[in-house]
Amino acid sequence: MTNLAAVPPVPDTPPAPRVQARPAGFLVDLYSVAQRAVRQIPREPASVIPALIVPIFFYVLNIGALSKVTGAAAHIDFKSFELPVAVVFAVTGVSRASSLVTDIQNGYFDRLTITPVRRLPLLLGLMMADLALVMALAVPVLLVGLALGVHFATGIPGMILFVVLSGIWGLVFTGLPYAIALKTGNPGAVNASFVLFFPITFLSTTFVPKAALEGWLRTVATYNPMTYILAGLRALVSEPWSFPTVTAVGDAILAVGAFGLVSISLALLALRGRVRRP
Amino acid sequence: MPAKTPAVGSATFPGATPVPARRTTPLDDVGGGTGVGRGGHRPVTSAPVDSPAIVTEGIARQFDDYWAVDGVDLSIAAGEIYGFLGPNGAGKSTLVRMLCTLLRPSRGRGFVAGHDVAREPELVRLQIGVALQDAALDDRQTGRELLDLQARLYGLRRDVRLARVAQVLTLVDIGSAIDRQINTYSGGMKRRLDLAAALIHDPQILFLDEPTTGLDPESRAAVWTEVRALQRQRGTTIFLTTQYLEEADELADRVGIISRGHLVAEGTPDALKRTVGTDVIVAKVGELPNGALEALRSLAGVEDVVCRDDELMVHAGDGAAAMSPVALALHASGTTVKSLTLRTPTLDDVFLQLTGSHLQADEANTANSHDPSDPPPPVMASRQAAPAGTPSVPGGLA
């Protein structure tokens with residue numbers, strides 16, 4: 001028989017104060033959500049290690065296979081030319097969107113929305129964690145490049161800007177998987193969002209300079225923000241500080257901003273739809 | 001003993017039921033400290049005794065062309081355990097999700113702690129704790145991390161958070177596993193951690209949506225103990241949905257029975273059972289010969305006979321006295337009797353009478369064999385020693 005007799009006796013004591021729950025505030029919400037997301041990262045190494053190994057593998061492979069042909073034909077240092085591509089590979093598409101879908105499916109997202117937490121930090125906190133992760137992923141790829149002999153013409157400041165710009169690109173790209181995650185709550189759809197990575201990264205100046213592109217690919221590359229992001233990153237690697245370098249970096253920042261305007265807007269719209277009580 | 005009532009908001013609703021007196025205990029020291037400030041404590045203040053904790057007025061929710069909840073009126077007093085009983089799909093969880101601000105009512109209104117769930121969801125959220133049907137946890141955090149995050153989002157200071165985590169852990173008894181990742185927990189531990197997360201901010205009102213579904217008997221008993229302790233020690237109002245008859249019977253001060261989105265009955269478990277009125281002799285039979293039913297109905301003291309599949313339910317004012325005549329009549333009519341049981345009315349009988357179907361056929365028929373810790377329906381052997389209306393006690397007569 002069920003034992004319900006474990007309740008202690010009720011003594012005659014005055015009432016004690018109850019805990020005062022209250023909204024924690026935007027920054028505490030943001031920090032709390034981001035801290036949880038960052039804490040999860042080392043607990044899921046399977047989701048991080050490939051994001052680090054694959055770009056390094058292809059960077060080394062491409063240099064070995066294409067360096068002589070492409071480098072000689074285009075008169076470029078292919079190691080330096082391809083380093084931004086490797087970093088972009090490392091930072092693009094890495095997000096907590098799959099974890100967000102898990103939260104939605106197992107009800108934890110509901111648990112969070114029943115608390116007084118503001119809704120925006122539920123997304124921005126994850127994105128802050130993503131930013132920290134992708135910048136951390138960019139650094140080892142950068143170090144591999146340096147080890148292979150890449151020289152940063154813009155020095156340490158350029159190197160830092162290189163990592164930051166790459167990280168922000170990685171951040172704005174996460175808007176797409178987050179939008180899909182929040183809209184669908186479907187892990188399959190989030191995984192499928194990775195296909196967006198291919199046209200954005202490959203229909204561009206990934207392997208050859210823009211001048212070497214022809215026909216439709218050149219046209220597509222002209223309108224692909226990745227072209228300008230790679231150009232800005234390459235300028236930081238290969239060109240000393242100068243007006244053209246600053247212009248290229250400025251174009252890259254504009255391209256990241258334009259892409260982010262679309263992707264983050266989509267994510268915020270999806271968040272609003274998700275937390276709006278049906 | 002001093003009687004206090006927890007503050008449950010400023011609204012006083014017309015037609016509200018009296019609020020039970022709130023008792024105080026050592027666990028009132030939860031969190032410790034004094035003073036009201038950011039993430040601190042608020043004093044327990046008196047509220048109007050006629051301020052119900054939960055009120056709904058014709059609340060309803062439509063999904064496409066289907067009304068999952070269709071015009072439910074409730075008034076639940078502060079400090080009360082209210083059991084919301086119904087089969088799967090009856091509308092229990094939909095009502096809970098409306099009251100805890102996850103779903104917007106399609107029609108009608110709901111008030112929790114004096115705040116409108118549709119217009120003031122932020123204020124409602126500060127007053128409620130919720131454990132939904134499936135333990136909503138993040139498997140990749142440790143139990144302590146999850147509780148601390150939960151407490152942060154309720155704006156609790158670090159010292160209060162530490163104290164509250166320690167306090168809820170004494171209540172839900174997770175032990176050293178609290179520092180392990182949740183993916184190593186058993187189902188019962190997850191459910192208890194879910195309850196702890198719902199309690200971390202010391203809510204005045206707690207929603208528990210089928211808190212013991214899928215739990216083993218030991219874990220179920222532990223949750224029952226925790227729910228009782230919360231009511232007695234913290235004066236927490238508890239809205240509990242369940243599909244388990246004995247759970248509602250054991251825990252709830254009052255029970256609402258929901259069927260197909262409608263509240264079909266409400267009252268104390270004993271009062272509801274008294275509406276059925278009579279003892280029930282249940283006979284599992286083989287093929288029923290002609291005239292058997294008539295023979296039973298003609299017996300002195302037998303008020304009604306209901307035949308359902310292979311089950312005969314003989315209602316009698318004094319079941320013990322009618323037992324032998326019923327057995328003899330069945331034998332005389334040539335009926336093969338597989339078992340013969342006498343019991344007092346259960347909430348399932350109430351549900352059967354109101355809706356024409358069993359609430360939970362499997363559980364009602366096999367409580368003994370499936371779940372030894374659950375109190376099975378009462379039977380003659382023990383019933384004689386218990387006063388009328390006493391909740392289920394074990395025993396058997398076959």
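Based on this model, can you work out whether B:Asp270 counts as out of contact with any His (no Cβ under 8 Å at 6 or more places or on another chain) and within 14 Å of another protein chain (Cβ to nearest Cβ)?
Criteria not met by B:Asp270.
Counting only residues that are part of a helix (DSSP H, G or I) and at the interface with another protein chain (Cβ under 8 Å from one of its Cβ atoms), which one in the stretch B:145-157 is surrounded by the fewest Cβ atoms within 10 Å (Cβ to Cβ)?
B:Glu145
Picking from A:Leu261, A:Leu233, A:Leu266, A:Leu171, which residue would you name as being in contact with a Leu (Cβ under 8 Å, 6 or more places away or on another chain), over 16 Å from A:Thr92 (Cα atoms) and in a helix (DSSP H, G or I)?
On the way: A:Leu261 fails: in contact with a Leu (Cβ under 8 Å, 6 or more places away or on another chain); A:Leu233 fails: over 16 Å from A:Thr92 (Cα atoms); A:Leu171 fails: over 16 Å from A:Thr92 (Cα atoms).
Going through A:Leu261, A:Leu233, A:Leu266, A:Leu171 in turn, the sole match is A:Leu266.
Does any residue in the stretch A:46-74 that is closer than 28 Å to A:Ala211 by Cβ come within less than 9 Å, Cβ to Cβ, of a residue that is surrounded by fewer than 12 Cβ atoms within 10 Å (Cβ to Cβ) and at pLDDT below 85 six or more places away or on a different chain, and which pairs are these?
Within 9 Å, the pairs are A:Ala74/A:Ala211.
Say whether the condition of being hydrophobic (A, V, I, L, M, F, W, C) and closer than 15 Å to A:Leu236 by Cα is met by at least one residue in the stretch A:207-221.
Scanning the stretch A:207-221 turns up no residue that is hydrophobic (A, V, I, L, M, F, W, C) and closer than 15 Å to A:Leu236 by Cα.
A:Arg111 versus (1) surrounded by 22 or more Cβ atoms within 10 Å (Cβ to Cβ); (2) farther than 28 Å from A:Thr247 by Cβ; (3) touching a Phe, Trp or Tyr at 6+ places or on another chain (Cβ under 7 Å): which is the lone unmet condition?
If we test A:Arg111 against (1) surrounded by 22 or more Cβ atoms within 10 Å (Cβ to Cβ); (2) farther than 28 Å from A:Thr247 by Cβ; (3) touching a Phe, Trp or Tyr at 6+ places or on another chain (Cβ under 7 Å), just (3) comes out false.
Only one of A:Gln40, A:Gln20, A:Gln35 is polar (S, T, N, Q), within 30 Å of B:Asp159 (Cα to Cα) and surrounded by 20 or more Cβ atoms within 10 Å (Cβ to Cβ). Can you tell me which?
Being polar (S, T, N, Q), within 30 Å of B:Asp159 (Cα to Cα) and surrounded by 20 or more Cβ atoms within 10 Å (Cβ to Cβ) holds for just one of A:Gln40, A:Gln20, A:Gln35, which is A:Gln20.
Identify all residues within the stretch B:122-144 that are within 7 Å of chain A (Cβ to nearest Cβ) and out of contact with any Gly (no Cβ under 7 Å at 6 or more places or on another chain); write none if there are none.
Residues satisfying the conditions are B:Glu122, B:Arg125, B:Leu126, B:Val130, B:Leu137, B:Asp138, B:Arg140, B:Gln141.
Working carefully through the options B:Tyr244, B:Tyr185, find the one that is under 25 Å from B:Ala53 (Cα atoms) and either at pLDDT below 90 or of a type in the set (Ser, Thr, Tyr) (or both).
Only one candidate qualifies: B:Tyr244.
The values are calculated or read from the model by the stated rules, or taken from the named source; none is laboratory data. Quantities reported herein were computed from a predicted structural model and do not represent experimental measurements. We place every Cβ from the backbone using ideal geometry, glycine too, and count neighbours over all the protein chains shown.
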